Amino acid sequence: MATQIRPQPGILDIALYQGGQSEIEGQAEPLKLSSNENPFGPSPAAVAAMQAVLGQAHRYPSTDHAALRAAIAEVHGLDADRVICGVGSDEIIHFLCQAYAGPGDEVLYTTHGFGMYRISALAAGATPIVAPERDRMVDVDALLEMATDKTRLVFIANPANPTATMIPMADLARLAEGLPETCLLILDGAYAEFAEGYDGGKSLVETRETVVMTRTFSKAYGLGGLRVGYGYAPQEIVDVLNRIRGPFNLSGIALAGAEAAVRDTDWVAECVRVNAEERARLTGGLRQMGIACDDSHANFVLARFADEAEAVAADEHLKTQGIIVRHPRSYGLPECLRITVGRPEDNTRVLDALGSFKGAA
Ligand code: PMP
């Protein structure tokens, strides 16, 4: 009986998503720099807002997220009707694939594209297509070359994870312009707050009918555990995505926390400011000890070692010092370690640990 029960085509091609490690055996409180979380945590106003609604947990939450959408729209200058909220931006990625890609359709992204693009494409029965990058950067020409009349969705994270690189607005505009009109361009702005002067692609969403922006509360807002993200898209697309969204996809606690977080603009601005300072110090320190790393536009740096063996040894050494970073092997970068920018004292620990590793190596 059981052998005749089969999942839909594509599902068994999905490898389980590997999140950043959070424990080291024998280390009670490791320094976790493996998931690009905000080391300062959420805004105290967000914590208070969540506590204030705990007693209402017997009530179903808002189905249309009107208050959160209004707050997002007010703070970021968006049209609230064109905002859709999800369980992390992961869920928005999932909705997009479910609604717009199916068997015979292609979903295009680049070599080091975020893992959910492949998972959601396969879950929808579509075919994931991977375009090459150039020097760990999204290559617009390669994407334009590989887009076909079967391409339904093109995903770009800008800044990208795990490379931390970023392509300029003019390239994004050229991509939006050059793609077939039958295909949506999704600008994944999970790290957009950390990139100076970047609007996450909002201006392209405003001017084109085929561009969608996704954003999250998981990174700069320090609410990864709350699972709230959103998409900003043309009205017609938001209306489609809302048809497949579960009516109560976000809890009342999540809605309250995210709304207070988005309104606490000082908190996020300060976190972004410290991140920029510390990112520069971490990058400079790594380079000084002979570890290559591209300029980062996010809240992490990608440290490039001589080869995979050295990256593995550095990873092991960091673990002995109680520090967990991410070895982005599954992203095809086995010679690298992705290190989240922590608090100043955390980054000093990382630099000291890698300094002793290089000294001993
Ligand atoms: N996009 C990118 C590029 C990411 O790195 C992540 C989180 N790792 C996400 C989207 C999804 O984040 P969330 O679901 O927490 O919003």
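What the table below lists for this structure:
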{"item": "First in region 72-101 and free of Cβ contacts under 8 Å to residues at least 60 places away in the same chain and within 18 Å of Leu153 (Cβ to Cβ), second anywhere and β-branched (Val, Ile, Thr) and more than 12 Å from the ligand (Cβ to nearest atom), Cβ under 8 Å, 6 or more apart", "result": "Cys97/Val107; Ala101/Val107"}
{"item": "Residue satisfying condition, being crowded, with 20+ Cβ neighbours inside 10 Å and acidic (Asp, Glu), within set Glu74, Glu91, Glu29, Glu25", "result": "Glu91"}
{"item": "Test: residue in region 175-187 that is over 21 Å from the mean Cα position of the chain (by Cα) and of a type in the set (Asp, Glu)", "result": "yes"}
{"item": "Given (1) of a type in the set (Lys, Arg); (2) in contact with a Gly (Cβ under 8 Å, 6 or more places away or on another chain); (3) within 28 Å of Phe217 (Cβ to Cβ), index of the condition Arg136 fails", "result": "(2)"}
{"item": "Gln18 vs. criteria in a loop (DSSP other than H, G, I, E, B) and either over 30 Å from Arg263 (Cβ atoms) or away from the ligand (no atom under 16 Å from the Cβ) (or both)", "result": "yes"}
{"item": "Meets criteria (under 20 Å from the mean Cα position of the chain (by Cα) and at pLDDT 95 or above) for Ala142", "result": "no"}
{"item": "Only listed residue being charged (D, E, K, R) and touching a His at 6+ places or on another chain (Cβ under 8 Å), chosen from Glu145, Glu74, Glu91, Glu133", "result": "Glu133"}
{"item": "Residue within region 212-231 that is surrounded by fewer than 17 Cβ atoms within 10 Å (Cβ to Cβ), within 19 Å of the chain's Cα centre (by Cα) and at pLDDT 95 or above present", "result": "yes"}
{"item": "Criterion: away from the ligand (no atom under 16 Å from the Cβ) and part of a helix (DSSP H, G or I) - qualifying residue of Val262, Val268, Val272", "result": "Val272"}
{"item": "Candidates Gln18, Gln51, filtered to the one that is modelled with pLDDT of 95 or more and within 30 Å of Gly342 (Cα to Cα)", "result": "Gln51"}
{"item": "Strands (runs of 3 or more DSSP E) wholly inside region 22-137 containing at least 1 residues that are within 14 Å of the ligand (Cβ to nearest atom) and not hydrophobic (A, V, I, L, M, F, W, C)", "result": "83-86, 106-110"}
{"item": "Strands (runs of 3 or more DSSP E) fully within region 146-245 counting 3 or more residues that are within 16 Å of the ligand (Cβ to nearest atom) and free of Cβ contacts under 8 Å to residues at least 60 places away in the same chain", "result": "151-157"}
{"item": "Residue list for region 284-308, filter: hydrophobic (A, V, I, L, M, F, W, C) and outside any loop (DSSP other than H, G, I, E, B)", "result": "Leu286, Ala292, Phe300, Val301, Leu302, Ala303"}
{"item": "Sole exception among (1) part of a loop (DSSP other than H, G, I, E, B); (2) more than 16 Å from the ligand (Cβ to nearest atom); (3) under 17 Å from Ala49 (Cβ atoms) for Ala256, by number", "result": "(1)"}
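The values are calculated or read from the model by the stated rules, or taken from the named source; none is laboratory data. Note that the structure is a prediction, hence the values are computed from the model and not measured. With ideal geometry, Cβ positions are generated from the backbone for all residues, glycine too; neighbour counts draw on all protein chains shown.
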